[in-house]
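Following: one structure in structure tokens, then a few remarks.
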Amino acid sequence: MNAKLFPMVLLLPALSATATYMEAPAMDEEPLAPDSAGFVFTDVKILPHTPVKDQNKSGTCWAFSGVAQLESDILRRGGKETDLSEMFIVRHNYKEKARKYIRTGGQINFAQGGGFADVLGAVEDYGIVPEEVYDGLNYGEKKHSHYELAAALKAYLDAILTNPNKHLSTAWEAGVDGILDAYFGKLPETFQYEGKTWTPAEYAASLGLKPADFISLTSYTHHPFYRPFAMEIADNWRWSQSWNVPIEDFKQVLDHALENGYTIAWAADVSEPTFNWKSGYAVLPVERTEADMDGTELARWVHLSDADREKEKNKVQGPVKEREITQADRQRTFDNLETTDDHGMEIVGIATDQEGNRFYKVKNSWDTNQIYDGYFYVSEPYFLEKTISIVVNRDALPKDIAKKLK
């Protein structure tokens with residue numbers, strides 16, 4: 001879908017935008033059997049996390065992955081498994097995004113996409129509620145589907161922007177609330193849960209959720225290292241900031257966090273032909289050329305069409321030799337729009353394939369009807385080139401890198 005994701009100038013840590021409104025690909029067939037794609041993955045270290053959920057057609061991967069990281073952080077601190085409401089977060093962000101859309105004369109991206117900063121900003125400002133208190137399904141659907149909602153909101157806001165009265169009325173925000181309430185339901189000011197009456201802010205505090213504990217990192221050369229900047233991505237409508245670090249530090253933060261019990265919120269490009277969700281892997285193979293072939297293989301290759309050669313290049317049937325990714329590779333693919341902000345997920349562990357190659361285990365939000373029940377494995381090279389940004393707990397930073405970030 002390649003919708004692009006943009007620093008939240010709040011008194012919050014620098015937080016990056018994450019992925020847009022990527023949805024699960026259609027799964028018309030039965031899930032593949034494990035290892036049928038030629039890989040045999042062994043989980044080496046899996047961190048406590050909550051079950052896989054289903055964003056369905058809501059375009060809110062940013063909310064599902066951001067909330068998943070908060071749920072994992074509760075577990076890391078010794079709390080009980082908690083199912084938090086993504087749609088409470090989404091509902092608040094639609095309202096905030098609508099205000100900014102009007103204030104900027106329609107010059108921000110008003111769509112279903114968003115970023116991890118949107119989750120943390122909403123928790124900071126409004127708190128959180130359990131899923132059973134607010135599921136956001138107030139419009140006759142059993143699963144989330146925001147096509148109609150998003151289209152209706154955009155049309156309404158564009159009508160307001162025409163400003164026919166030459167000034168805005170006092171009613172336009174109430175109109176936004178009316179649409180949002182019709183689809184999501186009214187937001188609870190208080191609620192009953194586990195025998196107590198809570199406000200959303202009180203409930204968030206009881207869980208120990210502290211948005212300021214989290215920091216966003218990225219790695220690009222068009223801004224100085226060890227300083228924050230706003231990712232130039234359309235769905236970063238808050239203009240939230242990410243700290244910029246060299247690629248070596250970027251990977252060190254990821255590995256240090258996972259080794260020490262912290263999951264990662266991960267924004268990445270999943271549009272690559274070697275991101276194979278159905279088969280449960282994402283890799284970046286070294287491209288084969290005619291110089292690598294001989295005999296019958298070469299004879300067959302020269303008679304293939306360009307389209308068939310492209311398919312052959314991207315055919316993966318198990319462990320492959322992968323590219324070595326440099327800082328220049330990251331920058332080049334970002335600048336030429338090969339690396340796009342497609343999707344938000346949660347990295348929950350470390351694994352290896354049958355040849356000992358290192359992979360990261362990723363929890364997705366596309367339900368569980370896939371080869372690894374809603375998880376997949378991403379290789380180190382794929383992570384290094386195709387990651388837009390990550391969000392980690394500040395305590396997960398290696399001390400030397402934390403010192404460089406001051």
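Each value in this text was obtained by applying a stated rule to the coordinates, not by laboratory testing. Quick caveat: nothing in here was measured; it's all calculated off a predicted structure. Cβ coordinates were reconstructed from backbone atoms using ideal geometry, including for glycine residues, and neighbour counts include every protein chain displayed.
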- Message: Check which residues have an amide H placed less than 5 Å from Glu322's amide H, if you skip close sequence neighbours.
- Response: Val286
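Report the charge-dipole magnitude of the range 135-241 in Debye, nearest 20, computed about the Cα centre from +1 at each Lys and Arg Cβ and -1 at each Asp and Glu Cβ.
Numbers: 9 positive and 13 negative charges, 46 e Å.
About 220 debye.
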- Query: In µm²/s, what is D for the range 37-122 at 4 °C and 1.567 mPa s, where D = kT/(6 pi eta Rh) by Stokes-Einstein and Rh is the Kirkwood radius from Cα pairs?
  - Reply: 87 µm²/s
- What order, most packed first, do the peptides 90-102, 108-120, 158-170 have when packing is the mean number of other Cβ atoms within 10 Å of each residue? 108-120, 90-102, 158-170
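Can you tell me the order of 333-342, 51-60, 138-147, 185-194 when each peptide is scored by its average per-residue count of other Cβ atoms within 10 angstrom, highest first?
51-60, 333-342, 138-147, 185-194
Of the chymotrypsin sites (Phe, Trp or Tyr not before Pro) in the range 230-291, which ones lie in a loop per DSSP and count no more than 13 other C-beta atoms within 10 Å? Walk me through the numbers before you get to the answer.
Numbers: sites: Trp237, Trp239, Trp243, Phe250, Tyr262, Trp266, Phe275, Trp277, Tyr281; in loops: Trp237, Tyr262, Trp277.
Counting only loop positions with at most 13 other Cβ atoms within 10 Å, none of the chymotrypsin sites (Phe, Trp or Tyr not before Pro) in the range 230-291 qualifies.
Report the extension gain between Glu194 and Lys404 in nm, rounded to one decimal, defined as 0.36 nm multiplied by the number of residues separating them, less their alpha carbon distance.
71.2 nm
For the range 138-236, what's the relative contact order in percent, using C-alpha pairs closer than 8 Å and at least 6 residues apart?
Details: 32 pairs, mean separation 20.4, N = 99.
Once divided by the residue count of the range 138-236, the mean separation gives 21 percent.
What is the range 40-84 by shape, rounded, prolate or oblate, if you read a ≥ b ≥ c off the alpha carbon gyration tensor as root eigenvalues and call it rounded for a/c under 1.5, prolate for a/b larger than b/c, and oblate otherwise? All intermediate terms of the calculation are to be shown ahead of the outcome.
Values: a/c = 2.57, a/b = 1.20, b/c = 2.15.
Because a/c hits 1.5 or more and a/b fails to exceed b/c, the range 40-84 counts as oblate.
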